[in-house]
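Take a look at the structure below.
Bear in mind that the values in this text are calculations on the coordinates, not laboratory data. Quick caveat, the model's predicted, so the values are computed rather than measured. Cβ placement follows ideal geometry from the backbone for every residue including glycine, while neighbour counts extend to all protein chains displayed.
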């Protein structure tokens, strides 16, 4: 395999983040116009995005196997690749839970969390777009802070959604199902923050 240039890693990170954005937008479309009879169709579309993300991860891992010199530590490249892949996996996981928990209608506070996922993924895309030039970037830190703020917002929304669920719903099966859905929605935003944390670590090590 030919040696990859330094830009390859950063460009592939950005491509992975863009796939996460596509996944988040698809999730938003599905949940805002929810039709349980079409959920399997949505899962198929989501899986196509997830497979593309997996392919990008494999490309990075394959490059690392043969790389003699990398632009940042290879452990950080591998961790970034893994964390980006987790974002898309978590988003796909929300659709899976809507399907196998047989969700029939979407609770309004779940849509608030979906909006936060989309915002977090948008910030993550912008952040990864700045990573290659992190020493000169004037906005990288702003994107990290924005992601941290969205994650805190999602934590609060998750707590309130769970409180409302457990105090107003008498159907045990619905409580169980939505407990899973809410948890995975919150995981999605957490995963975006983990990407921001990895960027922070890379910047600190290389500054």
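D for region 1-72, whole µm²/s, Stokes-Einstein with Kirkwood Rh over alpha-carbon pairs at 20 °C and 1.002 mPa s: what number?
Once the numbers are plugged in, D ends up at 154 µm²/s.
Using a 10 angstrom cutoff on alpha carbons, build the Gaussian network for the chain and name the most mobile of 16, 121, 169.
The residue that fluctuates most here is 169.
What does a probe at residue 164 reach in region 87-114, counting residues whose amide N is under 15 Å from the point 7 Å along Cα→Cβ?
Residues passing the 15 Å test: 105-114.
Take the chain, connect every pair of alpha-carbon atoms lying under 10 Å apart with a spring to form a Gaussian network, then pick out the residue of 87, 65, 181 with the largest mean-square fluctuation.
65
Over region 6-206, what is the mean sequence separation of C-alpha contacts under 8 Å (at least six apart), divided by residue count, expressed as relative contact order in percent?
Relative contact order of region 6-206: 31 percent.
Does anyone have the angle between helix 140-168 and the longest principal axis of the chain? Alpha-carbon axes, 0 to 90°, nearest 10?
Helix 140-168 sits at roughly 20 degrees to that axis.
Would you order 162, 124 from fewest to most other beta-carbon atoms within 10 Å of each residue's own beta-carbon?
162, 124
Going by how many other Cβ atoms sit within 10 Å of their own, how do 112, 151 line up, fewest first?
112, 151
Could you tell me how far the Cα centroid of region 1-61 sits from the Cα centroid of region 66-89, in Å?
With region 66-89 and region 1-61 each reduced to a Cα centre, they are spaced 16 Å.
Need the C-alpha centroid separation for region 176-206 versus region 122-171, integer Å.
Rounded to whole Å, the Cα centres lie 8 Å apart.
Give me the orientation-averaged projected area of the Cα convex hull of region 98-207, in nm², one decimal.
Answer in nm², one decimal: 7.4.
What angle do you read, to the nearest 10 degrees and between 0 and 90, between the alpha-carbon axis of helix 74-100 and the longest principal axis of the chain?
That works out to roughly 20 degrees.
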